[in-house]
Every structure is written in C-alpha cells, then in structure tokens.
Amino acid sequence: MMKLQYRIFIVGAILMLTMLPFVVCGEVFTLRAPSSGDNSGDGMRLSDLTAGKSIMTEPIEVNGVKLKLEVKMIDISLEDLLYQLKKLSPDAKIAANSTSILATETMKNGMLKRLLFIYSGKGLPILCFSLMLPNKLPKLLVWPQQLPKTADGIIRQYIYFPKRKAHYGVFSTAAHAADALREVAGSLRANGWDAVSGEDSLPNGRGEIFFKNRPRSLMLVSIAEDGTAIVYTRPVK
C-alpha cells in the first residue's frame, strides 16, 4: 500500500508541474449536464470537488519554493467532474483527455490553485492532486548536486520531495540525445553509479537506469530528441 501511494504521489506531483500530456492531448470531452438521476453537482462549489477522502498530504519544493501537495479520492465520474469544473469556475484554465483533467485557477491573492484529476479505472474513485503555488516560480540558479546534467545543460525545473529524499529535474541540452546520455553516464560512473541496461553505450541511446550501492540509490535518466532531459533519483531500501 505504501509503495502504491509513493508511486501515486510522485507521478501526480510531476504531472501537475509539467503539464506536458495535457498540452499535447487537448480537450476531448463533450460537455453535457450530469447523468440522468445524478445529483452530484446540485449546489456544489469548486471547493466541494476536492472534498473527498484524503490519502496523503506532503511537502514538496519546486525551484526552491516550499509547497504542500494533497492527494484525495473523489466519488464522481470524470465527465461530470469536467462539467462541474466548467460550470463552477468558468475562468479556470482546463485541459483534459480521456483519463485526466488539469485545472488551474488564479486566486484573488494572485496565487494559482492547480488541480489534477486522474481516472484510475472503472468502478474506482477519481484521484485528485491539489496544489497552491505562486503565479511565477523563481528560476533555479543552482542545480542540485544529487542530479547530473550535461556541461551545456540549461536548467528548466527542479522538484524535491523532502519526506522521500527524492529529486526530479529537467534541463535542456543542444547535444544529440545519445551523446548527452553518454556524457551524463560518464559523470555518474565516476561517482559510483552503474548502468543497468547498457543503453547508454548504444549509438541511439535515449535513457538509462543507474544504481548505486553506497548509499543505495536509483537514478533514471531520459533524454528526448529535442534535447529535453529528465533525471530522477531516490534512495532504495
């Protein structure tokens, strides 16, 4: 159960802050009134949409800013949820696909309220990730030493999960993906990391899993053709 919650928390936090899948997929739902006989939206307010059963609340840091992420379960269909979001908060920015909804609303104090809803499967409740963050996050000037990057790497984003001591970072590089992966792999090997799959040595390598014994740690590295590099590391018990 704790391992499942760990995966849910990490994946949800990263999706909320990157938003890439939602920008690509766009909105695919057809808005309609809630299902016949379903009064789940009657008298509902926007805050009610996140008033389900709490799974966990944990601190995170984004580019050095301390925030709090909450995960809940909500008993409502994804389509009815989208309808209510549009109805209750018409000014919110909403992106949706067949399994997820991301809603961002600007509050009166200038803060942003970001809600990510994920459909887990038939008969299961909706997972809701809720985060309040500044309108503009500061640019991170110091790349954390726990994460590797290429010499020309331009920092895009960094997320730290203090409770789990996990680090997630995004940077961009002008190097070819395979060359960038080899550079990162060389740096990691020099610091006691071992490649698991050996993809870092292939001519068209794009990603690799690394493992370190002391302290026991896992590192994931993925580099896209456009030069976007994602690195993630956490301790392993």
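The values are calculated or read from the model by the stated rules, or taken from the named source; none is laboratory data. Just so we're clear, the structure is a prediction, and the values are computed from it rather than from any experiment. Glycine gets a Cβ as well: all are built from the backbone with ideal geometry, and neighbour counts include every protein chain shown. Accessible surface is based on the protein model in full, side chains and every heavy atom, while ligands, DNA and RNA are left aside. Shrake-Rupley method; radii C 1.70, N 1.55, O 1.52, S 1.80 Å.
Could you tell me whether Gly205 is at pLDDT below 95, of a type in the set (Gly, Ala, Ser) and touching a Leu at 6+ places or on another chain (Cβ under 7 Å)? Taking the combined requirement at face value, the residue satisfies it. The single condition among (1) under 24 Å from Val231 (Cα atoms); (2) modelled with pLDDT of 85 or more that Leu137 does not meet is (2).
Within the range 209-224, the residues that satisfy the criterion of being within 15 Å of Thr150 (Cα to Cα) and in contact with a helix residue (DSSP H, G or I) (Cβ under 6 Å, 6 or more places away or on another chain) are Val221, Ile223. Among the residues here, Lys93 does not qualify as in contact with a Lys or Arg (Cβ under 8 Å, 6 or more places away or on another chain), open to solvent by 50 Å² or more (accessible area, probe 1.4 Å) and modelled with pLDDT of 60 or more.
Of the residues Ala224, Ala166, Ala185, only one is modelled with pLDDT of 95 or more and of a type outside the set (Asp, Glu); which? Ala185 is the lone residue from the list that is modelled with pLDDT of 95 or more and of a type outside the set (Asp, Glu). The strands (runs of 3 or more DSSP E) found wholly in the range 128-237 and carrying at least 1 residues that are free of Cβ contacts under 8 Å to residues at least 40 places away in the same chain and among the acidic types (Asp, Glu) occupy 207-212. What do you reckon, is Asp80 more than 25 Å from Pro134 (Cα to Cα), open to solvent by less than 20 Å² (accessible area, probe 1.4 Å) and not small (Gly, Ala, Ser)? Judged against the criteria, Asp80 is a match. Total residues in the range 168-208 satisfying the condition of being closer than 18 Å to Pro144 by Cβ, open to solvent by less than 60 Å² (accessible area, probe 1.4 Å) and not hydrophobic (A, V, I, L, M, F, W, C): the figure is 6. Can you confirm whether Asn109 is open to solvent by 20 Å² or more (accessible area, probe 1.4 Å) and at pLDDT below 85? Answer is no for this residue.
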